[in-house]
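Okay, structure first, notes after.
The values are calculated or read from the model by the stated rules, or taken from the named source; none is laboratory data. Quick caveat: nothing in here was measured; it's all calculated off a predicted structure. All Cβ positions, glycine included, derive from the backbone under ideal geometry; neighbour counts span all protein chains shown.
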Amino acid sequence: MDALFILTILIVIFALAFDFINGFHDTANAIATSVSTKALKPRHAILLAAVMNFIGAMTFTGVAKAITKDIVDPFTLENGSVVILAALISAIAWNLITWYYGIPSSSSHAIIGSIAGAAIAAAGFSSLNYSGFLKIIQALIISPILAFAVGYLVYSLFKIIFKNNNLAKTNKNFRRFQIVTAAVQAYSHGTNDAQKAMGIITMALIASGHLTTDDVPFWVQLACATAMGLGTSVGGWKIIKTVGGNIMKIRPVNGVAADLTGALIIFGATYIHLPVSTTHVISSSIMGVGASHRLKGVKWGTAQRMLITWVITLPISATLAGLVYLILNLFF
């Protein structure tokens, strides 16, 4: 077997591993609020998230195409297979580090920063597709701000609509409805996050000459959806604790407002073919709801720690990917 074929096989394996890790790393995003309010038992919540993530991943491919061609041009990328493998190793490493410490970091930031960093190490800054890359960066920045604002507005609306309702009865009804919103949010997560690995594998197939268009092959979509679903079934308990309890004390009405907000923003991004950080969106939705409920009720120390991680992920993953590329380039 030649080196290019071996590289392509390695990329597929590492991309599916990234999707699997993304699944258990981001499980908390979709189900943390429903677990913390006891709307769902942890096991049931994870099973629900796994199934809905799989279905969501099988529904769309627009975000995958954006990952394939909007950061760098896979048809002209110098030493493309090594670049992609370096990006995957970097993103996986950062995901595992943040998962170990229970920090809701962004898999999206990690993989996008890693692709850019490895490409720059290979062919300089001119290798970036600046129009597409900046569009993705804007989406990553704007989406959590939008999620905070919409979460604030949705919960403010809930307070007006249900102000005369009995609190205990309202919470009981919302706890039931939260099962539906958790499912919708898990589905939306699958429509956006699983496609990132699809885009990576498609890039590798183009770079190795096995594919001549940016269309995602069905086997790639199925493999990534399966990896995401299996990863989700493992669960990410450390991050569930952070998202579900360390941002604010969540009641069922808060959880429904946050879930609806998160799903709305993620669906919107998927519809216009933009990758966003589901971690950022959902965490920001919870913060927005918390600020609307009671400003002092939000644990801003946790929010600050998360914000710092969000900011440093792109440059750290880019630098790490560049270093990994330089090492791999000695062997391939």
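Residues F162, F125, F218: which one is among the aromatic types (F, W, Y), out of contact with any strand residue (DSSP E or B) (no Cβ under 9 Å at 6 or more places or on another chain) and under 30 Å from H44 (Cβ atoms)? Only one candidate passes the filter, namely F162.
The numbered conditions (1) farther than 22 Å from V216 by Cβ; (2) surrounded by 19 or more Cβ atoms within 10 Å (Cβ to Cβ) are all true for D70 except (1). Residues in the stretch 270-318 that are under 13 Å from the mean Cα position of the chain (by Cα) and among the hydrophobic types (A, V, I, L, M, F, W, C): L274, V276, V281, I282, W310. Among the residues making up the stretch 115-137, those that are farther than 16 Å from A66 by Cβ, touching a residue at least 40 places away in the same chain (Cβ under 8 Å) and of a type in the set (G, A, S) are G117, A118, A121, A122, A123, S127. Note on the stretch 296-327: residues that are crowded, with 20+ Cβ neighbours inside 10 Å and under 23 Å from S208 (Cβ atoms) amount to 4. What do you reckon, is I141 without any contact (Cβ under 8 Å) to a residue 12 or more places away in the chain, within 30 Å of I112 (Cα to Cα) and aliphatic (A, V, I, L, M)? Yes: the conditions hold for I141.
Against the test of being closer than 29 Å to L134 by Cβ, surrounded by fewer than 22 Cβ atoms within 10 Å (Cβ to Cβ) and free of Cβ contacts under 8 Å to residues at least 12 places away in the same chain, the options T59, T76 yield a single qualifying residue, T76.
Could you list, in sequence order, all residues of the stretch 117-153 that are hydrophobic (A, V, I, L, M, F, W, C) and touching a Gly at 6+ places or on another chain (Cβ under 9 Å)? Correct list: A118, A119, I120, A121, A122, L146, A147, F148, A149, V150, L153. Just checking, which of A49, A86 is of a type in the set (A, V, I, L, M, F, W, C) and farther than 20 Å from I13 by Cα? Criteria check complete, one pass: A49.
Residues are listed down the side, and each one gets a yes or a no for (1) part of a helix (DSSP H, G or I); (2) acidic (D, E); (3) at pLDDT below 80:
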{"position": "T226", "(1), (2), (3)": "yes, no, no"}
{"position": "I240", "(1), (2), (3)": "yes, no, yes"}
{"position": "V243", "(1), (2), (3)": "yes, no, yes"}
{"position": "A257", "(1), (2), (3)": "yes, no, no"}
{"position": "G262", "(1), (2), (3)": "yes, no, no"}
{"position": "A269", "(1), (2), (3)": "yes, no, no"}
{"position": "P275", "(1), (2), (3)": "no, no, no"}
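In the stretch 90-114, the residues that are free of Cβ contacts under 8 Å to residues at least 60 places away in the same chain and crowded, with 21+ Cβ neighbours inside 10 Å never reach a residue that is among the charged types (D, E, K, R) and assigned to a helix (DSSP H, G or I) with C-beta atoms less than 9 angstrom apart, at least six apart or across chains. When every residue of the stretch 198-208 is checked against the conditions, none turns out to be out of contact with any helix residue (DSSP H, G or I) (no Cβ under 6 Å at 6 or more places or on another chain), modelled with pLDDT under 95 and not in a helix (DSSP H, G or I).
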